[in-house]
Amino acid sequence: MRAWIYLIIASVFEVAWIYSVKFMQFRELFKINISEFFLSKNFNVILPILGYIVFGIGNIILFSKAMKTIPAGIAYASWMSVALVFVKITDVTIFKQPITFLQVFFILLILVGVVGLKVIE
């Protein structure tokens with residue numbers, strides 16, 4: 001059971017990592033003087049890059065812990081599926097993206113598949 005908790009947390013870290021990538025501003029990063037690096041005006045530039053590093057490393061660590069007991073194929077499919085569902089939920093709730101009935105239906109099918117993989121393990 002602990003491995004599945006690691007897997008779900010790794011999926012949440014994957015979602016945070018994805019949004020860190022979305023909001024990275026490399027051009028702005030290279031314009032910052034090293035002496036002004038940690039000033040609050042640079043917060044929107046630095047935070048996504050720090051998120052990319054922290055969530056990426058956390059994701060890898062937790063996913064590797066989960067794979068110690070969950071077979072690789074099931075772990076990978078479940079990890080990506082849960083992350084996909086969380087990304088869609090984030091898009092709809094935070095970024096106000098539209099969602100259709102068919103999208104909800106197929107997301108539920110993904111969740112049923114993940115639960116099924118857990119049940120047969």
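Could you tell me which of the pairs Lys22/Lys68; Lys96/Lys118; Lys22/Lys65; Lys22/Lys96 are separated by over 21 angstrom between their Cα atoms in the structure shown?
Result: Lys22/Lys68; Lys96/Lys118; Lys22/Lys65 exceed 21 Å.
Once fully extended, how much extra length lies between Ile5 and Ile57, figured as 0.36 nm per residue of separation less the alpha-carbon to alpha-carbon distance?
17.0 nm
Please determine, in degrees from 0 to 90 and to the nearest 10, the orientation of helix 2-23 with respect to the longest principal axis defined by the Cα atoms of the chain, where the helix direction is its Cα long axis.
With both axes taken from Cα atoms, the answer is about 40 degrees.
Please work out how much length the chain gains when fully extended from Ile107 to Glu121, using 0.36 nm per residue of separation minus the C-alpha to C-alpha distance, in nm with one decimal.
2.9 nm
Just report the Cα centroid separation between region 96-121 and region 40-57, whole Å.
Distance between centres, Cα-based: 31 Å.
Given R₀ = 25 Å, FRET efficiency for Glu28-Leu50 by Cβ-Cβ distance, to 0.05?
Between Glu28 and Leu50 the formula returns 0.95.
Helix 43-66 versus the longest principal axis of the chain: what is the Cα-based angle in degrees, 0 to 90, to the nearest 10?
30
Against the longest alpha carbon principal axis of the chain, how many degrees, from 0 to 90 and to the nearest 10, is the axis of helix 101-120 turned?
70
Can you pull out the chymotrypsin sites (Phe, Trp or Tyr not before Pro) in region 38-90 that DSSP calls coil and that have at most 14 other Cβ atoms within 10 Å?
Counting only loop positions with at most 14 other Cβ atoms within 10 Å, the chymotrypsin sites (Phe, Trp or Tyr not before Pro) in region 38-90 are Phe38.
Run the numbers on the chain and let me know its relative contact order in percent, using alpha-carbon pairs under 8 Å that are six or more apart.
36
Within region 17-81, which trypsin sites (Lys or Arg not before Pro) sit in a loop by DSSP and count at most 16 neighbouring Cβ atoms inside 10 Å?
Lys31, Lys68
Counting other C-beta atoms within 10 Å, and keeping those with at most 15, which DSSP coil trypsin sites (Lys or Arg not before Pro) do you find in region 86-121?
Counting only loop positions with at most 15 other Cβ atoms within 10 Å, the trypsin sites (Lys or Arg not before Pro) in region 86-121 are Lys96.
Read-outs throughout are calculated quantities, based only on the coordinates presented, and are distinct from any laboratory measurement. What you are looking at is a predicted structure, and each value in this text was computed from that prediction instead of being measured. Because the Cβ atoms are built from the backbone with ideal geometry, glycine has one as well, and the counts that use them run over all protein chains shown.
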